[in-house]
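Structure record follows, encoded as structure tokens.
The values are calculated or read from the model by the stated rules, or taken from the named source; none is laboratory data. For clarity, every value in this text was computed on a predicted model and none was experimentally measured. Cβ placement follows ideal geometry from the backbone for every residue including glycine, while neighbour counts extend to all protein chains displayed.
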Amino acid sequence: MLHNKAVPAGPALDPEKVLAALGRVLSDAAEPVALHEPCFMGREWDYLKDCLDSGWVSSVGSYVDRFEEMLAETCDVPHAVVTMNGTAALHLALVLCDVAPGDEVLMPGLTFIATANAATYSGAIPHFVDSDAVTLGLNMEKLAEHLQTKAHIAGGVTRNKETGRRIGAIVPMHTFGHPVDMDALNEIAARWKIPVVEDAAESLGSTYKGRPVGGLSQVGALSFNGNKIVTTGGGGAVLCRDATMAALAKHLSTTAKLPHKWAFDHDAVGYNYRLPNINAALGCAQLEQLAGFVSAKRVLAERYLDEFADVPGVRLFREPEYACSNYWLNTLILEKADQHARDRVLELTNDNGYLTRPVWTPLHTLPMFDQCPRMDMSMAEELSDRIVCLPSSAPLGIGQ
Ligand SMILES: *Cc1c(COP(=O)(O)O)cnc(C)c1O
């Protein structure tokens, strides 16, 4: 376990040494080496052909049911409801937790924009939490302290004392596949009576204390976008422990249409968030390969760890002790926050055919979210200058 504690000043970062280490790991890969590519080595063609042959390509069909069952089993939850993308799944999950217009939703400032967009779609206001240097996710100590000073509970409702707004949910996100400490988070959430929506978009296949992520709180969301570990082209899923909640998720994702042989009746403003059968067919074939993808990605992570061990000025982001990560994206963390040095690494590696990427711009600095409530965000800001994501497609670890 590598912690991000005070590291004695070592030799300075040398982008050429980063490039050389990348070259050693990726020597057999055809350039340019993408950040993350899908891998279709299973029964994708069979299932897609079956879909076309049967004519069941749209919103109902046997692959939708099968994909939902497979997901529920993989994530060890009673129910999964698939959606057309991960953002829709997150939005639906927040609605299921009764997040309402004018509420605030606690979330990391360092996450993909979808986390904050989904809260905004439900009429809520993101409330940003700083990052933890070890997990890159929510900083639990700072979150607990922040709630202690900023929140109060009256009449069973938790509010932000400063804004008077209800705090409707907490959304942890497992950055690049590495789980945050969910026991600690669930305890904080229970103490403050705030529902938890797990943004597990990047972490399908990861486990926390032996349990699959995504199902570690009331409701979770997955993504099957083209760059995720398992893809349906575009897609997502809501994972639920509660049967009533799952039924409501299905209902709301299906335009809130009341089941009937021929009538068009709806009892709410629902959404057209369903995943087409043709995408679910791809999902079934992909999910059959999940264990293989995870082990390939862990082999690749080991190789990166070996080859970067002696590269000065950087370390690799590793799974916390309690977790087994899917290592969705292998990530370099520069010892010093220096945007200029980070950019030199990005320039040199991209120029040489390795399509490395920085992390997201912290959301509280974007124009549409810069007025949102937040705590001190110094670690999120620092980390945004220290992260370089490395090519991580599963085939790179399958033996080239
Ligand atoms: C990919 C992702 C999502 C969902 O993205 P979609 O493209 O809508 O499927 C949500 N949150 C995070 C952190 C993600 O990485």
Condition check: surrounded by 12 or more Cβ atoms within 10 Å (Cβ to Cβ), over 25 Å from the mean Cα position of the chain (by Cα) and either outside any helix (DSSP H, G or I) or modelled with pLDDT of 95 or more (or both). Does residue 27 satisfy that? no
All positions within region 202-225 that are within 10 Å of the ligand (Cβ to nearest atom), part of a loop (DSSP other than H, G, I, E, B) and more than 20 Å from residue 134 (Cα to Cα): 224, 225
Suppose we keep only residues that are free of Cβ contacts under 8 Å to residues at least 60 places away in the same chain and among the acidic types (Asp, Glu) within region 286-309. Which one would you say is farthest from residue 232 (Cα to Cα)? 306
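Which is under 29 Å from residue 288 (Cα atoms) and buried (at least 21 other Cβ atoms within 10 Å of the Cβ), of 83, 74?
Among 83, 74, only 83 is under 29 Å from residue 288 (Cα atoms) and buried (at least 21 other Cβ atoms within 10 Å of the Cβ).
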Hey, can you tell me all the residues within region 73-94 that are within 11 Å of the ligand (Cβ to nearest atom), in contact with a Leu (Cβ under 7 Å, 6 or more places away or on another chain) and either part of a helix (DSSP H, G or I) or basic (Lys, Arg) (or both)? 86, 89
Just checking, how many residues over region 181-201 are of a type in the set (Val, Ile, Thr) and either over 21 Å from residue 245 (Cα atoms) or part of a loop (DSSP other than H, G, I, E, B) (or both)? 2
Tally up the residues in region 95-121 that are within 12 Å of the ligand (Cβ to nearest atom) and outside any loop (DSSP other than H, G, I, E, B), please. 10
Looking at region 141-168, which of its residues are of a type outside the set (Gly, Ala, Ser) and in a helix (DSSP H, G or I)? 141, 142, 143, 145, 146, 147, 148, 149, 150
Could you tell me how many of the residues in region 52-69 are under 30 Å from the mean Cα position of the chain (by Cα), in a helix (DSSP H, G or I) and either surrounded by fewer than 19 Cβ atoms within 10 Å (Cβ to Cβ) or basic (Lys, Arg) (or both)? 4
Of the numbered conditions (1) modelled with pLDDT under 95; (2) in a loop (DSSP other than H, G, I, E, B); (3) surrounded by 16 or more Cβ atoms within 10 Å (Cβ to Cβ), residue 10 satisfies every one except a single condition; which is it? (3)
Could you list, in sequence order, the residues of region 226-268 that are of a type in the set (D, E, K, R) and more than 16 Å from the ligand (Cβ to nearest atom)? 241, 242, 250, 257, 261, 265, 267
Go through region 96-119 and give me each residue that's more than 18 Å from residue 317 (Cβ to Cβ), of a type in the set (Val, Ile, Thr) and surrounded by 18 or more Cβ atoms within 10 Å (Cβ to Cβ). 99, 105, 115
Within region 243-277, the residues that are free of Cβ contacts under 8 Å to residues at least 60 places away in the same chain, part of a loop (DSSP other than H, G, I, E, B) and of a type outside the set (A, V, I, L, M, F, W, C) are 255, 259, 260, 261, 265, 267, 270
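Just to verify a result, which residue in region 146-198, among those that are among the polar types (S, T, N, Q) and exposed (fewer than 15 other Cβ atoms within 10 Å of the Cβ), is nearest to the ligand (Cβ to nearest atom)?
163
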Residue in region 346-363 that is assigned to a helix (DSSP H, G or I), out of contact with any Lys or Arg (no Cβ under 6 Å at 6 or more places or on another chain), farther than 27 Å from residue 20 by Cβ and in contact (Cβ under 8 Å) with a residue 40 or more places away in the chain present: yes
In region 199-247, how many are surrounded by fewer than 22 Cβ atoms within 10 Å (Cβ to Cβ) and either among the charged types (D, E, K, R) or at positive phi (or both)? 6
Sole exception among (1) surrounded by fewer than 24 Cβ atoms within 10 Å (Cβ to Cβ); (2) among the aliphatic types (A, V, I, L, M); (3) free of Cβ contacts under 8 Å to residues at least 60 places away in the same chain for residue 138, by number: (1)
